[in-house]
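Reviewing the structure listed below.
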Amino acid sequence: MNTLDLLRSELGVLVDTDPSALESARADRSGHAALGTPLAIVHAESVADVQAVMRIATDTRTPVVVRGAGTGLAGAANSGSGEIVLSMLRMTAVHEIRADDLLAVVEPGIINADLNAILAEHGLWWAPDPASRAISTVGGNIATGAGGLLCAKYGVVRDAVLGLDLVLSDGRLLHLGHRSVKGVTGLDLTSLVIGSEGTLGVVVSATLKLRRVVEGTTCTVTATFPDVRSAAAASSAVTASGTQPAIMELMDAASLAAVSALLALPAPSAGSAQLTIQTDGPAAVTEAASIADVLSAHGGATQVSHDREEGERLLAIRRSMHPAMAALGTTLIEDVSVPRSAMPAMFDEIARIEKKFSLTIPTVAHAGDGNLHPNFIFDGPEAPAVVWQAADELFRAAIALGGTLTGEHGIGTLKSRWLADEIGEDQWELQRQIARVFDPLGILNPGKVFASDA
């Protein structure tokens with residue numbers, strides 16, 4: 001029997017060959033699509049289903065692309081010609097919540113926000129807070145090593161996962177990590193899998209490190225600056241001051257103007273940029289006052305709110321960035337990180353690149369951790385050459401400033417050509433060799449991250 005017949009024989013109605021479903025699996029929210037049509041989508045409902053898919057894939061040498069909600073921005077979950085799409089969206093169970101141990105055991109298909117709604121009933125939450133939290137899965141968050149608005153204070157996914165159950169390319173099941181707060185037995189394979197973008201195995205369960213819901217006041221500080229460099233310098237000064245805001249988000253002039261137009265808000269002053277900062281917990285009021293002093297000293301027109309609902313309305317401006325960009329045209333949303341002290345210099349580089357290539361690159365930043373999201377807007381389905389030329393300079397500028405190609409979106413297909421430039425040829429080759437230990441046949445997400453394997 002061929003691969004499709006074997007899948008149908010073993011998994012029956014879980015195998016989906018509907019043309020529209022196969023077409024949707026070719027692309028993610030980056031707009032980039034894989035070439036050709038996938039063989040089938042398997043809607044796994046159990047660990048046994050995943051193991052069956054991987055055994056068949058190994059026996060038939062058929063590539064497999066693991067997919068969650070398809071909200072990625074680097075093409076890592078896009079599936080093309082002849083590939084099996086292994087969908088995890090039906091694996092949504094919460095197997096265990098332990099308030100005493102501050103952990104939960106969950107399946108990978110559960111949506112981030114849905115999980116936190118369940119945890120809230122127990123006075124708990126899972127800290128990773130990507131902008132896509134309402135639509136992205138926990139498994140996808142793990143695959144990309146996601147971060148979000150809160151990560152400067154509460155950490156990223158790697159800080160919030162204790163253990164993983166992983167199905168290897170041949171169908172074997174591994175139990176990685178631990179349930180205890182501490183655990184250093186052997187190599188840390190859990191952390192290795194986090195951010196590996198489906199190239200090492202299939203995550204079928206995750207033991208998550210939880211936090212108690214933060215009690216007390218939430219304060220929101222907003223400050224408007226005459227230009228983005230001043231805002232970036234002020235954000236660096238907040239970090240240097242020793243205060244620890246929960247959220248610190250920066251919007252440059254183009255992004256602020258686009259969101260204001262989308263939400264029908266008063267137009268901001270030409271060239272102005274904005275910082276939105278939240279503090280929480282018992283020291284929130286004191287920290288907000290201290291931060292406001294720093295921002296004012298750096299030329300910011302500053303306001304402080306102690307009203308939680310008002311704070312959420314102010315943050316809604318930042319959270320509206322994606323739809324505001326979509327209203328302008330096709331968007332390539334990029335992702336680089338630099339040391340926080342280098343943020344002013346990185347915005348200088350973006351301004352230089354805009355001028356050189358006659359582009360406007362609206363940029364927002366998780367200023368608390370130096371993670372910038374430059375947006376390239378264009379017409380049509382494919383980014384023109386000038387966009388990739390500008391992106392090339394932008395990536396190289398971030399690396400030259402001591403930064404990295406990606407803070408949370410991952411490498412996928414869109415950034416694989418720059419990976420060796422950042423990590424060097426020796427480490428690039430070592431990483432490829434590690435991937436082959438997990439996946440000797442190269443059937444897991446081929447052509448992603450390590451592009452030359454395709």
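Structure summary
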quantity	calculated
Cβ charges +1 (Lys, Arg) and -1 (Asp, Glu), total dipole of the range 355-454, debye	160 debye
Span per principal axis, largest first, for the Cα atoms of the range 284-399 (Å)	49, 29, 20
Lys, Arg +1 and Asp, Glu -1 on Cβ, resulting dipole of the range 3-89 about Cα centre, debye, nearest 20	240 debye
Sorted by Cβ neighbour density within 10 Å, fewest at the top, the residues E309, E408	E309, E408
Dipole of the chain, positive direction: furthest Cα of S169, P381, H409, with charges on the beta-carbon	H409
The range 121-174: Rg to Rh, with Rh as the Kirkwood radius over Cα pairs	1.05
Descending semi-axes in Å of the range 3-89, equivalent ellipsoid built from Cα gyration tensor	21, 13, 11
Residue order, fewest to most beta carbons within 10 Å, for I142, I377	I377, I142
HN-Hα J in Hz across the range 209-225 - Karplus 6.51, -1.76, 1.60, θ = phi - 60°, x for Gly and Pro	8, 9, 10, 6, 4, 6, 9, x, 7, 10, 10, 10, 10, 10, 9, 9, 10
Degrees between helix 425-438 axis and first principal axis of the chain (Cα, 0 to 90, nearest 10)	50 degrees
Among 339-346, 382-389, the order from most to least packed when residues are scored by Cβ within 10 Å on average	339-346, 382-389
Two-decimal Rg/Rh across the chain, once Rg and the Kirkwood Rh are taken from alpha-carbon atoms	0.97
Set of lysines near K356 by C-alpha distance (under 22 Å), chain-local residues within fewer than 8 positions excluded	K415
At most 10 other Cβ within 10 Å, DSSP loop - trypsin sites (Lys or Arg not before Pro), the range 22-78	R61
Proxy reagent accessibility, fewest Cβ within 10 Å first, across D421, D100, D335	D100, D421, D335
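No value in this document is a laboratory result; all are computed from the given coordinates. What you see is a predicted model, and the numbers here were worked out from it, not measured in a lab. Cβ sites come from the backbone with ideal geometry, for glycine too, and all protein chains shown count toward neighbours.
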